[in-house]
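Here the structure comes first, spelled out in structure tokens, and everything after it is commentary.
The values are calculated or read from the model by the stated rules, or taken from the named source; none is laboratory data. Values in this document were obtained by computation on a predicted structure and should not be read as measured data. FYI the Cβ positions are ideal-geometry reconstructions off the backbone, even for glycines, and counts take in every protein chain you see.
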Protein chains: 2
Amino acid sequence: MNLHRTPIPVTEAVERVMHFAPQSSIEKITIDESYQRVLAEDIVSTHAVPPFNKSPYDGFAFNAEDVAEASRENPVRLHVIEEVGAGHRASRALETGEAVRIMTGAEIPEGATCVAMFEICQTLEENGNSYMTIKRKMEDGQNVISKGSETSKGTTLVKAGETINPGVQALLATFGYHEVHVYKKPVVGVFATGTELLDVDEPLQPGKIRNSNAYMILSQIERSGAEPVYLGKLADEFDPCYEAIFKAMQQVDIVITTGGVSVGDYDLMPDVYEKLGAKVLFNKIAMRPGSVTTVAEVDGQLLFGLSGNPSACYVGYELYAHPYIQAYLKRSDSYHSIIDVSLGSDIMKPNPFTRFIRGFISYEDGRVVVYPAGLDKSAVVTSLAHTNVLIVLKGGTRGYQKGDQVQAVLLEEESGSEEFLLNG
Amino acid sequence: MNLHRTPIPVTEAVERVMHFAPQSSIEKITIDESYQRVLAEDIVSTHAVPPFNKSPYDGFAFNAEDVAEASRENPVRLHVIEEVGAGHRASRALETGEAVRIMTGAEIPEGATCVAMFEICQTLEENGNSYMTIKRKMEDGQNVISKGSETSKGTTLVKAGETINPGVQALLATFGYHEVHVYKKPVVGVFATGTELLDVDEPLQPGKIRNSNAYMILSQIERSGAEPVYLGKLADEFDPCYEAIFKAMQQVDIVITTGGVSVGDYDLMPDVYEKLGAKVLFNKIAMRPGSVTTVAEVDGQLLFGLSGNPSACYVGYELYAHPYIQAYLKRSDSYHSIIDVSLGSDIMKPNPFTRFIRGFISYEDGRVVVYPAGLDKSAVVTSLAHTNVLIVLKGGTRGYQKGDQVQAVLLEEESGSEEFLLNG
């Protein structure tokens, strides 16, 4: 076993993972099931919006020419030939001197060029006929939402690779996308390794702890938009461990393991990779926590070997597995956004390595401030509960003070970034 | 019909809605189903973390007193009596002069007070016995993660009302919460009203448009954490409309309608409220779009009457229905966060009313900048697709310039705010 691994920078590790283009596939689903899925087709307007000249108000529609001479002194009277509600059409085109009573959202009849709101018109009945009078001029197009004024037919509105949010669903519905092509969610299998692990429903036993990493990662996978599958826990015994992982690789798209990636006597994963004939992309990264995070590849399929330490496991997932899952989903913005922020409190202890500290975001007077979520020992599980960013502290000989400018990785944002923007 | 409605301020409208405490209920679910649900119980540590003194490394555990005299010139030799892997326990307490070979995560045996990493120890075999030697002193507690150092038993870690994220799931698993109490998702029924509406799978017809609001709101409801139910579309005919809404109120927790809340001839909702015996909380708000948003109450149950205009519908949902759903879920942070931001581009057209403009967020050099998502006519559906904030522009006689300080409502944040922080 090689105890002397050479650490690579975080950005290089991300690049080595993203170098492998996954075999994405496409499925057709109904609009009802489409929320938060990733589009595999461009959404194109199948008709103009609005699809006809439309009235924005309740009022009277007529030809503006008919009231060209109207004034306070000279009210013009038009014959109201019918009423048009939204969803209905006038029975015929208007002729000179005619108007229709029209409702919000209804189609402007042929022959009409404007709409006057009720408030500026008077109505009267005479000999069984309806009339309206108006005391002012109108312009062509006044109070008419013209056909295609919002979008014309054949316009690409949302591109493949974007995520379906409520606004995109409105577009799908508007343009008749009862069914839509989306990228299939990759199935991600999770194993927790370690003889010390108990299941969540088992009572605590001496020397053992409950398996918390697997449940945590299952929700991280869900948050990433993939399909999580819990494959169980594996004791530190080589043969069953190898067999289980080998078998899982035939069944799921991506395999994630927690634990066993270090260089200890009981760390079986390096030997598992060897027996699988896997190419190890890296097994040491210049970061804390999660320096032993390992990614290996067999015939284009990736195995993510995350640390057994809860925080290292969490960070390793978000930095390496999350963007790869986004690549599987062909999302245009595969990476978590990494933004400039101010540090909200001192983190004085210097550290030679780049650290990813769990924290939460706060918006203060237009600035983005981040605070560490708690005690930052890498084994502490409790501080993960309030985490929505990873604060990036570059390694160095001094600590950081409140107000220092640093970067932060956003974890809960719906939209991400097209690039991995970690500073040198 | 009273055409002269008196507008109330947005904040007052929100208060009138939130004045009605909904009848939340609690259910027990398994940890696997719990992601993004709202806790109905505090999560309390059921044991100390770690539950025993634990080794952070692979190495040897022994009593520091035994090596008090160790130095380069005077190596001390200890008898290695056994090996302890993670999940196992030493068979007996250590006696003077003894050590155990111990693995990362394993329990420190009784009698041991420190762990020395392999790297600083030598090992030898003699007469079938294993020994280790060390050339330096160790301190009590050195390389030992002591029992309870991360959290002690009985500590409240996450409070009822918080949302279950991956970190909270890790805590549930750690402390044996195989099942957990959460607040039941309210069932929210959605009707779209309007004779002009076609279903998404119908071909376009003259004078008609497809029902996009219902699908949009169904995803907004999902994003809010509730259970959406599409109840269909209703033509502008009073009796069937009233009957359908009356019946739906017996079946779902909250009813949302779109359209029909204005003061036009075909706006049936005011009459529906009257026949239902509903108390109208408000039917006019000093805002654009969505000024006609109406909320009515019957025996403590709320009906949200949103505008039929897509953008007004979207905004009305997020400002009034979203926080009420959060109250149903008893989330501690019921409101969307409203934060201070800089405007990223000019919006010069002055408007006397407070406007909520669909936009998106950008992080620039530590500052939060927002940009309008597109053309801002209230009927434009297409700009909703890229919306993740509502930019708040207070009414006035002048427009706004790039760089102006304004507020923005965050729509996609997982965590919200305990207060509705709209300025003045």
Which of the residues that make up region B:221-232 are within 12 Å of chain A (Cβ to nearest Cβ) and surrounded by fewer than 22 Cβ atoms within 10 Å (Cβ to Cβ)? B:Glu222, B:Arg223, B:Val229, B:Tyr230
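If a residue has to be out of contact with any Asp or Glu (no Cβ under 7 Å at 6 or more places or on another chain) and within 14 Å of another protein chain (Cβ to nearest Cβ) to count, how many in region B:343-355 make the cut?
At the first step, the residues of region B:343-355 found to be out of contact with any Asp or Glu (no Cβ under 7 Å at 6 or more places or on another chain) are B:344-355.
Retained after the next criterion (residues that are within 14 Å of another protein chain (Cβ to nearest Cβ)): B:344.
Looking only at that region, the number is 1.
Of these, A:Thr104, A:Thr133, A:Thr123, which one is buried (at least 16 other Cβ atoms within 10 Å of the Cβ) and among the hydroxyl-bearing types (Ser, Thr, Tyr)?
On the way: A:Thr133 fails: buried (at least 16 other Cβ atoms within 10 Å of the Cβ); A:Thr123 fails: buried (at least 16 other Cβ atoms within 10 Å of the Cβ).
That would be A:Thr104, the only listed residue that is buried (at least 16 other Cβ atoms within 10 Å of the Cβ) and among the hydroxyl-bearing types (Ser, Thr, Tyr).
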Between a first residue in region B:255-272 that is within 8 Å of chain A (Cβ to nearest Cβ) and surrounded by fewer than 23 Cβ atoms within 10 Å (Cβ to Cβ) and a second residue that is assigned to a strand (DSSP E or B) and of a type outside the set (Asp, Glu), which pairs have beta carbons less than 9 Å apart while being 6 or more apart in sequence or on different chains? B:Asp265/A:Arg101
Under the condition of being over 32 Å from the mean Cα position of the chain (by Cα) and of a type outside the set (A, V, I, L, M), which residue from region B:268-290 is nearest to B:Asn309 (Cα to Cα)? B:Pro270
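Might you check whether a residue that is free of Cβ contacts under 8 Å to residues at least 60 places away in the same chain and either surrounded by 18 or more Cβ atoms within 10 Å (Cβ to Cβ) or under 25 Å from the mean Cα position of the chain (by Cα) (or both) occurs anywhere in region A:322-329?
Going residue by residue through region A:322-329, those that are free of Cβ contacts under 8 Å to residues at least 60 places away in the same chain are none.
No, region A:322-329 has no match at all.
Considering region A:25-50 alone, what residues qualify as being among the basic types (Lys, Arg) and buried (at least 20 other Cβ atoms within 10 Å of the Cβ)?
Of the residues in region A:25-50, the ones among the basic types (Lys, Arg) are A:28, A:37.
A:Arg37, the sole residue that qualifies.
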Which of the residues belonging to region B:190-222 are in contact with a Lys or Arg (Cβ under 8 Å, 6 or more places away or on another chain) and more than 23 Å from B:Asp239 (Cα to Cα)? B:Val200, B:Glu202, B:Leu204, B:Pro206, B:Gly207
Residues (in contact with a Phe, Trp or Tyr (Cβ under 6 Å, 6 or more places away or on another chain), more than 14 Å from every other protein chain (Cβ to nearest Cβ) and among the charged types (D, E, K, R)) located in region A:284-332: A:Lys330
Residue satisfying condition, being surrounded by 21 or more Cβ atoms within 10 Å (Cβ to Cβ), within 22 Å of B:Gly264 (Cα to Cα) and away from chain B (no Cβ under 11 Å), within set A:Ala112, A:Ala86: A:Ala112
Of (1) of a type outside the set (Gly, Ala, Ser); (2) assigned to a loop (DSSP other than H, G, I, E, B); (3) outside the structural domain of A:Arg223 (by TED's automatic domain parsing), A:Phe20 satisfies all except one. Which? (3)
In region B:56-75, how many are modelled with pLDDT of 95 or more and within 21 Å of B:Arg92 (Cα to Cα)? 9
Hits in region A:140-161 (condition: farther than 30 Å from A:Ile325 by Cβ, part of a strand (DSSP E or B) and under 29 Å from the mean Cα position of the chain (by Cα)): A:Thr151
I'd like the full set of residues that are surrounded by fewer than 20 Cβ atoms within 10 Å (Cβ to Cβ), within 14 Å of chain A (Cβ to nearest Cβ) and assigned to a loop (DSSP other than H, G, I, E, B), limited to region B:53-83. B:Pro56, B:Tyr57
Restricting region B:84-139 to residues that are among the hydrophobic types (A, V, I, L, M, F, W, C), within 45 Å of the chain's Cα centre (by Cα) and in a strand (DSSP E or B), which is nearest to A:Gln205 (Cα to Cα)? B:Val84
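Scan region B:219-242 and give yes if some residue there is under 28 Å from the mean Cα position of the chain (by Cα), assigned by TED's automatic domain parsing to the domain that holds B:Ala321, at pLDDT 95 or above and farther than 19 Å from B:Leu302 by Cα, otherwise no.
Keep residues of region B:219-242 that are under 28 Å from the mean Cα position of the chain (by Cα), which gives B:219-231.
Remaining after also requiring assigned by TED's automatic domain parsing to the domain that holds B:Ala321: B:219-231.
If we keep only those that are at pLDDT 95 or above too, we end up with B:219-231.
Of the ones still in play, those that are also farther than 19 Å from B:Leu302 by Cα are B:219, B:223.
So far as region B:219-242 goes, yes, one or more of its residues are under 28 Å from the mean Cα position of the chain (by Cα), assigned by TED's automatic domain parsing to the domain that holds B:Ala321, at pLDDT 95 or above and farther than 19 Å from B:Leu302 by Cα.
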What pairs can you find where one residue is in region A:343-358 and over 14 Å from A:Ala408 (Cα atoms), the other is outside any loop (DSSP other than H, G, I, E, B) and of a type in the set (Lys, Arg), and their Cβ atoms are less than 8 Å apart, with a gap of 6+ or different chains? A:Asn351/A:Arg288; A:Phe353/A:Arg288
Pick from region B:180-201, criterion part of a loop (DSSP other than H, G, I, E, B) and within 12 Å of chain A (Cβ to nearest Cβ), ranking: farthest from A:Pro166 (Cα to Cα): B:Thr195
Restricting attention to region B:185-201, report how many residues are surrounded by fewer than 20 Cβ atoms within 10 Å (Cβ to Cβ) and of a type in the set (D, E, K, R). 2
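Looking for whichever is surrounded by fewer than 17 Cβ atoms within 10 Å (Cβ to Cβ), of a type in the set (A, V, I, L, M) and within 11 Å of another protein chain (Cβ to nearest Cβ) here; the options are A:Leu204, A:Leu171. Which one fits? Show your work before the answer.
Working: A:Leu171 fails: surrounded by fewer than 17 Cβ atoms within 10 Å (Cβ to Cβ).
Going through A:Leu204, A:Leu171 in turn, the sole match is A:Leu204.
Scan region B:387-395 and give yes if some residue there is more than 9 Å from chain A (Cβ to nearest Cβ), part of a strand (DSSP E or B), under 20 Å from the mean Cα position of the chain (by Cα) and more than 26 Å from A:Glu162 (Cβ to Cβ), otherwise no. Can you show your working first?
First, the residues of region B:387-395 that are more than 9 Å from chain A (Cβ to nearest Cβ): B:389-395.
Subset that is part of a strand (DSSP E or B): B:389-393.
Narrowing further to those that are under 20 Å from the mean Cα position of the chain (by Cα): B:389-390.
Retained after the next criterion (residues that are more than 26 Å from A:Glu162 (Cβ to Cβ)): none.
Checked region B:387-395: no residue is more than 9 Å from chain A (Cβ to nearest Cβ), part of a strand (DSSP E or B), under 20 Å from the mean Cα position of the chain (by Cα) and more than 26 Å from A:Glu162 (Cβ to Cβ).
When region A:17-41 is examined, which residues are found to be away from chain B (no Cβ under 12 Å) and out of contact with any helix residue (DSSP H, G or I) (no Cβ under 9 Å at 6 or more places or on another chain)?
Residues of region A:17-41 that are away from chain B (no Cβ under 12 Å), as a first pass: A:17-29, A:38, A:40-41.
Hits for region A:17-41 are A:His19, A:Ser25, A:Ile26, A:Glu27, A:Lys28, A:Ile29, A:Ala40, A:Glu41.
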Quick test of your reading of the structure: B:Val14 fulfils all but one of (1) among the aliphatic types (A, V, I, L, M); (2) part of a strand (DSSP E or B); (3) touching a Pro at 6+ places or on another chain (Cβ under 8 Å). Name the failing condition by number. (2)
Those residues that are touching a helix residue (DSSP H, G or I) at 6+ places or on another chain (Cβ under 7 Å) and either in contact (Cβ under 8 Å) with a residue 40 or more places away in the chain or more than 7 Å from chain B (Cβ to nearest Cβ) (or both), I need them from region A:210-220; list them, please. A:Ser212, A:Asn213, A:Met216, A:Ile217, A:Gln220
